[in-house]
Amino acid sequence: MDSTSPEGRHSNWPVYLLTIALVAAIAVGYVYVSGERQKSRDLAASNQSLAASLAQVQTQLQSVSERLSDVQARTTSAPPQTPAPARVQTRPRVRTTADFRMLRTDPSFPEIQSQFSEQQKQIVSAREDIDQTRSDLSQTRNNLQNNLNSTKDELNGSIARTHDEVVALQKRGERNYYEFAVDKSKQYSRVGPLSVELRKADSKHKRFDMLMLVDDNELQKKSVNLYETVWISLSDRPQPLELVVNKITKDHIEGYLSEPKYKRSELESAVSAKPAGPTLRQ
C-alpha cells in the first residue's frame, strides 16, 4: 500500500507520537540536569563564600584577642616609671585610646569583656577564700598557743615578771624560789641547787647566753629570750626546775629559780613512814 494514501498516513501516527514523546523526554531531562548542575555550582559558590567569611571572622577574632591581651599587658603589668616629656607620653595615650575604641566597636567585644569580667570575679573570690583560710589558721594557732600556755601555767605555775609576783608564788607553798642577779663573768654564781654563769646579755634584743652546772655537768643555753622558761631536770627532783630571767640590761640579768618543795627521796620516805591503816579482825 502507498504511504501517501490515507491508510498509510494513519498507520505512521504512532511512530510520530513516540518520536515526539522521546524528544520531549530528552528535552525535559536536559533542562532538569542543567538546573541541577546550576544548583550545584551555586551551592559550591555559597559554601566557598561562607568558608571565606568564617575564616575572615576567625582572623578578626584572633586580632581582637591579641589587641586585648596587648592592651591588658600595657595597662596592668607595666611598672610605674618616671614621667617622661610630654611628647613621649602623648603617643602611647592616644594609641591606647584608639585600641579601646576599636575593641568597643568590634561585634565580639561584649563577649570578650564578659569573659574577662567572669575571670576577674573568680580571681577575687579565690583571694577572699585564701584570706579567710589564713585568718582561720591564725585564729587556730592563737587558740592552740593560749591553750598551751594555760595548760603550762596550770601544771607548773605562772611566770613571775616582778619581785612581788615571785613573793606571791612563794606564798603558795608549792615550790622553793631563789631570786638572783648575775653580771657577765667567767665565774659561776650559786643559785639554789645550781651554779650559773652569764656569758652574754643582749639588752636590745632581750636575750642572753649562759652556762649552768647541773649534777656536775656543764650545760650551755644560747639566745634565751626574756621571760622564757628554762627547764632543768635533776635526778632527785620529782619535777623539773624552772629558771626565768625577767630583766636584761647591759652585761646583767635578773630573775629567779624555782624547784619542787620536796626532793624525791623525801617523798619516798614520807610514803614509807606512813602508818598502816586499821585492819579488820575476824
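Any read-out appearing in this document is the output of simple, stated calculations on the displayed coordinates, not a laboratory observation. Computed from a predicted structure; not experimentally measured. Don't worry about glycine lacking a Cβ; one is built from the backbone with ideal geometry, like all the others, and counts go over all protein chains shown.
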**Request:** Multiply the residue separation of SER49 and HIS163 by 0.36 nm, subtract the distance between their alpha-carbon atoms, and state the gained length in nm to one decimal.
**Result:** 31.4 nm
**Request:** Send over the Kirkwood Rh of segment 163-264, from the inverse of the averaged 1/r over different Cα pairs, rounded to one decimal Å.
**Result:** 13.9
**Request:** Quick one: of LYS222/LYS247; LYS222/LYS263; LYS204/LYS263, which pairs are farther than 27 Å apart, Cα to Cα?
**Result:** LYS222/LYS263; LYS204/LYS263
**Item:** Inter-label distance for TYR30 and ASP42, nm, one decimal - labels placed 7 Å from Cα along Cα-to-Cβ
**Value:** 2.2
**Fill in**
Residue-ordered couplings for segment 233-244, obtained by feeding phi - 60° into the Karplus form 6.51 cos²θ - 1.76 cosθ + 1.60 and rounding to whole Hz (Gly and Pro as x), are 9, 10, 5, 9, 10, x, 10, x, 7, 10, 10, 10
